Amino acid sequence: MEKLIITSAICGAEVTKEQNPNVPYTVQEIVSEAKKSYDAGAAIIHLHVREDDGTPTQSAARFKECIDGIKAVCPDVIIQPSTGGATGMSSDERLQPITLDPEMATLDCGTCNFGGDEIFVNTENMIIEFSEKMIARNIKPECEVFDKSMIDMAVRLSKKGHIQTPLHFNFVMGVNGGISGTVRDLLFLRESIPADSTFTVSGVGRCQLDLNIMAIIMGGHVRVGFEDNLYLSKGNRAESSADFVKRIVDIAKIYGREIATPDEARKILGIK
Ligand code: KMH
Ligand code: ZN
């Protein structure tokens, strides 16, 4: 099996310090969290940024500060800014970080409910616009799929040349409004992607660990971190996203999966 790529989603847009005081907001906190995850074995940092008070922002200037800070302490790590941002943001707002020419960025492949009254909007034309802008800048997209239909959308658009191939998917499972975080549904998603694709598995909340372990067994890759989960176990808040990374490194060892360095991850994902 290929080496295991671990992505650490250190911040997210929705989780707060009220839920876990270790969620990073400031540039310094974000840089420190990225470094801890990198030291623990993460090859990719999935990056959202915040104002100092925790408000999610897609400001290019704020992303630049964080990216420069992360690169100063872990120069080879792959930084994958979010183009999803937070629900309610406009396309132009969300697209700001790609102007910094990161190696990777997320490409959200469909609209879904996102809990309560929130709707995460990604129309077909938005997906095409986001993807074509990434192609123009040679940015490798990670296709975020919250449901099976979003795989079908990504495949259809890739056949029309709108999305770069081979496709790399992130199955984001267990969102309130997306596909459930069950092993049955993970198998369904895995069976639904083209044979030459790669995939990462993110489980939101309690389903995270089971799905991560399944991904390790199935030859997929793994995303962990505060964006998806604040607890290592019931009632036990993580001190850092790196805690989840460390746990995955230990589990991967048991299953004989070696951990990919950032450069090995670039090769696996076809990032030039
Ligand atoms: N915060 C969610 C609404 C992404 O990073 O591309 C969207 C999200 C997906 O987190
Ligand atoms: Zn995200």
Some residue of region 24-47 being basic (K, R) and under 18 Å from the mean Cα position of the chain (by Cα): yes
Of the criteria (1) without any contact (Cβ under 8 Å) to a residue 40 or more places away in the chain; (2) under 28 Å from S192 (Cβ atoms); (3) of a type outside the set (D, E), which one K234 fails: (2)
Test: residue in region 116-135 that is touching a strand residue (DSSP E or B) at 6+ places or on another chain (Cβ under 6 Å), touching a residue at least 60 places away in the same chain (Cβ under 8 Å) and outside any strand (DSSP E or B): no
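Go through region 175-191 and give me each residue that's touching a strand residue (DSSP E or B) at 6+ places or on another chain (Cβ under 9 Å) and either acidic (D, E) or more than 18 Å from F120 (Cα to Cα) (or both).
The answer is G181, T182, D185, L186, L189, R190.
One residue is enough: does region 100-121 have a residue meeting the conditions under 22 Å from A61 (Cα atoms), over 16 Å from the mean Cα position of the chain (by Cα) and modelled with pLDDT of 95 or more? Step through it out loud before you land on a result.
Filtering region 100-121 down to residues under 22 Å from A61 (Cα atoms) leaves 100-107.
Adding the requirement that they be over 16 Å from the mean Cα position of the chain (by Cα) leaves 100-101.
Now restrict to residues that are modelled with pLDDT of 95 or more: 100-101.
Taking every residue of region 100-121 in turn, at least one turns out to be under 22 Å from A61 (Cα atoms), over 16 Å from the mean Cα position of the chain (by Cα) and modelled with pLDDT of 95 or more.
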Scan of region 68-115 for residues that are among the charged types (D, E, K, R), in contact with a Ser or Thr (Cβ under 9 Å, 6 or more places away or on another chain) and assigned to a loop (DSSP other than H, G, I, E, B), ordered by number: D76
Pairs where the first residue, in region 150-164, is modelled with pLDDT of 95 or more and the second is of a type in the set (S, T, N, Q) and crowded, with 19+ Cβ neighbours inside 10 Å, C-beta under 6 Å, 6+ apart: H162/S131; I163/S131
Residue within region 179-198 that is assigned to a loop (DSSP other than H, G, I, E, B) and closer than 13 Å to L107 by Cβ present: no
Test set (1) surrounded by fewer than 15 Cβ atoms within 10 Å (Cβ to Cβ); (2) hydroxyl-bearing (S, T, Y); (3) within 23 Å of K272 (Cβ to Cβ) - S158 fails condition number: (1)
Candidate set from region 127-154 (those that are of a type in the set (V, I, T) and closer than 22 Å to V175 by Cα); member that is nearest to the chain's Cα centre (by Cα): V145
Residue count for region 179-209, restricted to those that are surrounded by fewer than 16 Cβ atoms within 10 Å (Cβ to Cβ), more than 14 Å from F169 (Cα to Cα) and charged (D, E, K, R): 2
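Has region 35-46 got any residue that is at pLDDT below 95 and either under 26 Å from I251 (Cα atoms) or assigned to a loop (DSSP other than H, G, I, E, B) (or both)?
From region 35-46, those at pLDDT below 95 are none; that's our starting set.
For region 35-46, residues at pLDDT below 95 and either under 26 Å from I251 (Cα atoms) or assigned to a loop (DSSP other than H, G, I, E, B) (or both): absent.
Step by step: first the residues of region 1-20, then only those that are away from ligand 1 (no atom under 16 Å from the Cβ) and touching a residue at least 60 places away in the same chain (Cβ under 8 Å), then the one that is surrounded by the fewest Cβ atoms within 10 Å (Cβ to Cβ). Which residue is that?
Just the residues of region 1-20 that are away from ligand 1 (no atom under 16 Å from the Cβ), to begin with: 1-6, 17-18, 20.
Then drop every residue that is not touching a residue at least 60 places away in the same chain (Cβ under 8 Å), which leaves 1-6, 20.
Values: M1: 12, E2: 15, K3: 17, L4: 26, I5: 25, I6: 29, N20: 15.
Across region 1-20, the extreme among qualifying residues is M1.
The values are calculated or read from the model by the stated rules, or taken from the named source; none is laboratory data. Everything numeric here is computed off the predicted structure, so don't read it as measured data. A quick note on method: Cβ atoms are made from the backbone with ideal geometry, for glycine too, and the neighbour counts reach across all protein chains shown.
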